[in-house]
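See below for the structure under consideration.
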Amino acid sequence: MSERGGGFGAFLFGIVLGAVAGFVFAPTEGGENTRRQVTKGLRNLKELAEEKVDEVRGLLKEAEEEEESEETEESEEAEEESEIATREQLRRRLEAARRRRARATRPSPPGPPASDEEDEPLA
């Protein structure tokens, strides 16, 4: 069934192509006029196609630049988040070290000595 559809489409295309060729190569004045109109139409079509290609290239270039700027922003945000997490870790370690130091400088109460394991941070 698909072969019939394809063959019929090709048949119609051949008819249209033959009619256009007949108008273009007609030996009368109408043929010359038709050739001029077809030539003018093809030139206009070529110019339009070139404009569209340039437009698409510009859009692609803009999209690439936008993508690059988004990637740069995302990497900067990730670096900032990483830096914040690192700062937070360092702050916690510093606080834990200060607490250990403050406990070490206080006189210890009489009784069993406190172990250092209790003072170590788990993170």
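The values are calculated or read from the model by the stated rules, or taken from the named source; none is laboratory data. Note that this is a predicted model, so its numbers are computed, not measured. Counting neighbours? That spans all protein chains shown, and the Cβs are built from the backbone with ideal geometry, glycine included. Each accessible area value is taken on the protein alone, full model and side chains, heavy atoms only, with ligands, DNA and RNA left out. Shrake-Rupley method; radii C 1.70, N 1.55, O 1.52, S 1.80 Å.
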**Message:** Can you say whether ARG35 is among the charged types (D, E, K, R), in contact with a helix residue (DSSP H, G or I) (Cβ under 6 Å, 6 or more places away or on another chain) and within 30 Å of VAL20 (Cα to Cα), as far as the supplied structure shows?
**Reply:** yes
**Prompt:** Is it the case that some residue within region 65-85 is open to solvent by 100 Å² or more (accessible area, probe 1.4 Å) and more than 39 Å from the chain's Cα centre (by Cα)?
**Reply:** no
**Request:** Please identify the pairs in which a residue from region 79-93 that is of a type outside the set (Lys, Arg) has its Cβ atom under 8 Å from the Cβ atom of a residue that is open to solvent by 90 Å² or more (accessible area, probe 1.4 Å), counting only partners at least 6 apart or on another chain.
**Result:** GLN89/ALA123
